[in-house]
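> Can you read through this structure? Questions will come right after.
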Amino acid sequence: MVKQIKDNGRLEVAMIGHWSSRFAEGARVTVYSDNGKTTRGTILTIKASGHTYNTEIESQPVTWEQLELRLDARVSNGDDVRAVGINVGDMVAIDTNAEFTDSGFVVSRHLDDKAGVAAVLAAVRALVTGKVSLPVDCKILFTIAEEVGHGAPHILDDDIAELVAVDNGTFAPGQNTSEYGVTIAMKDMSGPFDRKLNRHMLDLCEANGIEHSRDVFKFYRSDVAAGIEAGYDARGSLICFGLDASHGHERAHIDSFVAVGELLVAYLQSPLLGSDV
């Protein structure tokens, strides 16, 4: 969001959630004002011109304070910016730059977790169009605050017995995430997930021929963790699509989205697990 309106007509921006300023440099953006107007712009380093700063552009630190937003508007000072209708606290949306390749990859910003939403909606559509009867009531929930530490607790009901979240799995050295299948998270930074529910997910993958793996995430927290930490007495599991360069210039494969959807379809048709561990 807009943190400060500078005297030179540029904007200082503040991060929401967790995103390195390294990936913001050069991003095209839209600023949303209170008056309903939108203004386009670009996030640049403060020293952006090689013809002006020469090698100084190479030595700038990677911090949000080193960036500024250049508006595509006739503004040269703070009063000009405010006259456009832009204020501190206005939201700044980063362009996705999405590309769908012939080889099945989706390259885009914000795949975490919009790709997960797509997989969930595809699974729900398959069940509805197929007129499949489910053994138990199922509630499909979407959160918009997981990245800032809130997530699921503010929308969960007290009668939830099993909570399954869909998020990204980090495809990177030292990880065991499947780039083209679904990954069952055994543990994230908040602690291990429910052993019996995770085993059930793995069994469903094996029974239905779904490509899968299992992984442990060290710097990662999900809606399931938020729900459990909030005190909900429910089994929890986290299933993931494979994602390269999470929170950066992300890339994932359509096969991984399909695998997540197939596992959800199988899971939603299965009965609740018993109370034994």
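The values are calculated or read from the model by the stated rules, or taken from the named source; none is laboratory data. Not measured: the values here are computed from a predicted model. Methodologically, a virtual Cβ is constructed for each residue, glycine included, from the backbone with ideal geometry; neighbour enumeration extends over all protein chains shown.
> Taking the conditions exactly as written (in the same structural domain as GLY9 (by TED's automatic domain parsing), modelled with pLDDT under 95 and not polar (S, T, N, Q)), does VAL88 satisfy them or not?
The answer is no for VAL88.
> Within region 13-22, restricting attention to residues that are surrounded by fewer than 17 Cβ atoms within 10 Å (Cβ to Cβ) and not polar (S, T, N, Q), which residue is farthest from ALA245 (Cα to Cα)?
So, considering only residues that are surrounded by fewer than 17 Cβ atoms within 10 Å (Cβ to Cβ) and not polar (S, T, N, Q), the one farthest from ALA245 (Cα to Cα) is ALA14.
> Quick check: is even one residue across region 91-98 in contact with a strand residue (DSSP E or B) (Cβ under 8 Å, 6 or more places away or on another chain), surrounded by 14 or more Cβ atoms within 10 Å (Cβ to Cβ) and over 30 Å from LEU243 (Cβ atoms)?
No - not one qualifying residue is present in region 91-98.
> Check region 43-64 and report whether any residue there is over 20 Å from ASN97 (Cα atoms), within 29 Å of the chain's Cα centre (by Cα), part of a helix (DSSP H, G or I) and not assigned by TED's automatic domain parsing to the domain that holds ALA245.
yes
> Which of (1) within 16 Å of VAL88 (Cα to Cα); (2) out of contact with any Leu (no Cβ under 9 Å at 6 or more places or on another chain); (3) β-branched (Val, Ile, Thr) does VAL62 not meet, given it meets every other one?
Exception for VAL62: condition (1).
> In region 28-37, is there at least one residue being farther than 23 Å from ILE144 by Cβ and among the hydrophobic types (A, V, I, L, M, F, W, C)?
Scanning region 28-37 turns up no residue that is farther than 23 Å from ILE144 by Cβ and among the hydrophobic types (A, V, I, L, M, F, W, C).
> Tell me which residues, restricted to region 118-154, are within 21 Å of ARG251 (Cα to Cα) and modelled with pLDDT of 95 or more.
ALA118, ALA119, VAL120, LEU121, ALA122 - these are the residues of region 118-154 that are within 21 Å of ARG251 (Cα to Cα) and modelled with pLDDT of 95 or more.
> Restricting to region 228-240, count the residues that are over 22 Å from ALA118 (Cα atoms) and either aromatic (Phe, Trp, Tyr) or not in a loop (DSSP other than H, G, I, E, B) (or both). Let's see the steps before the verdict.
As a first pass, look at region 228-240 and keep what is over 22 Å from ALA118 (Cα atoms): 228-235.
Subset that is either aromatic (Phe, Trp, Tyr) or not in a loop (DSSP other than H, G, I, E, B) (or both): 228-229, 232, 235.
Going through region 228-240 one residue at a time, the tally reaches 4.
> Could you please let me know if GLU179 is among the acidic types (Asp, Glu) and in a loop (DSSP other than H, G, I, E, B)?
yes
> Same structure, new question: Mind listing whichever residues of region 179-215 are within 23 Å of VAL106 (Cα to Cα) and either out of contact with any Phe, Trp or Tyr (no Cβ under 8 Å at 6 or more places or on another chain) or aliphatic (A, V, I, L, M) (or both)?
Of region 179-215, the ones within 23 Å of VAL106 (Cα to Cα) are 179-185, 210-215.
Result: TYR180, GLY181, VAL182, ILE184, ALA185, ILE210, HIS212, SER213, ARG214, ASP215.
> Something else now. Being among the hydroxyl-bearing types (Ser, Thr, Tyr) and either more than 14 Å from GLN269 (Cα to Cα) or surrounded by 11 or more Cβ atoms within 10 Å (Cβ to Cβ) (or both) is the filter here, so list the residues in region 126-146 that pass it.
Residues satisfying the conditions are THR129, THR143.
> Hey, among the residues in region 244-276 that are small (Gly, Ala, Ser) and part of a helix (DSSP H, G or I), which one's nearest to ASP102 (Cα to Cα)?
Restricting to residues being small (Gly, Ala, Ser) and part of a helix (DSSP H, G or I), the top hit is SER256.
> Which residues, counting only those in region 261-274, are closer than 20 Å to ASN176 by Cα and either at pLDDT below 95 or under 15 Å from the mean Cα position of the chain (by Cα) (or both)?
None; the set is empty.
> Still on this model: Does ILE210 qualify as being touching a residue at least 60 places away in the same chain (Cβ under 8 Å), in the same structural domain as GLY181 (by TED's automatic domain parsing) and surrounded by 15 or more Cβ atoms within 10 Å (Cβ to Cβ)?
The answer is no for ILE210.
> Please enumerate the residues belonging to region 36-55 that are at pLDDT below 95 and out of contact with any helix residue (DSSP H, G or I) (no Cβ under 9 Å at 6 or more places or on another chain).
Scanning region 36-55 gives GLY36, HIS51, THR52, TYR53, ASN54, THR55.
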